[in-house]
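Please read the structure below before turning to the comments.
The values are calculated or read from the model by the stated rules, or taken from the named source; none is laboratory data. Note that the coordinates shown come from a computational prediction; the quantities given were computed from them, not determined experimentally. Reconstructed Cβ throughout: ideal geometry from the backbone, glycine too, with neighbour counts over all protein chains shown.
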Amino acid sequence: MKKILGIAFIVLMMVCGNAFAAEGTVTDNATNGVWPAQNNGKNFQVILSWVDGDLTLPATATTMSINAYVTRVVTNPGTTPTDNYDITLTDVDGVDAMGGTLANRDTATSEPARPYDPASGTYGDVYVAGTLTLNLSGNSNVGATGTVTIYCERP
C-alpha cells in the first residue's frame, strides 16, 4: 500500500509541477486588432515582445493577422536569450515566411533580415494572406525576453 501511495504521490507532483509552469507570453502593438499605420496607412509595423517563461511560447498567443507584404524583420534580443536562438514566422500552411533568415539570432545585437525564398534562392518581399505565428526555439534561459518588429506594406 505504501508503494502504491508513493507512486501516486510522484505522479501527482509531476502533473502539478507542469500545471504551474509559467508559459511564455507574447504581446503586440495592435489596438483592438488593428496595427498602427504609418505613411497614409500603406506601411505598418507589427511589434511583438516576447518573454520565454518555460521555454515554450504558446501558439495561441503568438498568431496575428497580417494581410500584407512582409518587407523586413528586425529582432532585438532583450534580456539573456541563449546565443543563436531561432525564430520562425509561420503562415497558415506552416511555412516560414522568412525562409529561415531568423535562425541563429545574436544574444546582444539587434539584427535585420529580409524574407528569403529557398526554392528560388532569392530575397524579396513576401505576401502573407492571413496570419503569422511566432515560434521560438533554441533558447535555454527561462525568463529571456526579446522583440520582433515586422515591417509590412499593404498592396
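Residue pairs whose Cβ atoms lie under 6 Å apart, separated by 6 or more positions or on different chains, with the first residue in region 104-121 and on the phi < 0 side of the Ramachandran plot and polar (S, T, N, Q) and the second in a loop (DSSP other than H, G, I, E, B) and surrounded by fewer than 17 Cβ atoms within 10 Å (Cβ to Cβ), are THR107/ASP83. Of all residues in region 78-90, those satisfying the criterion of being surrounded by 17 or more Cβ atoms within 10 Å (Cβ to Cβ), under 12 Å from the mean Cα position of the chain (by Cα) and not hydrophobic (A, V, I, L, M, F, W, C) are TYR85, THR88, THR90. Just one of the numbered conditions (1) of a type outside the set (A, V, I, L, M); (2) modelled with pLDDT under 90; (3) loosely packed, with under 14 Cβ neighbours inside 10 Å is not true of SER65: (3). For region 106-148, the tally of residues that are among the aromatic types (Phe, Trp, Tyr) and out of contact with any Ser or Thr (no Cβ under 9 Å at 6 or more places or on another chain) stands at 1.
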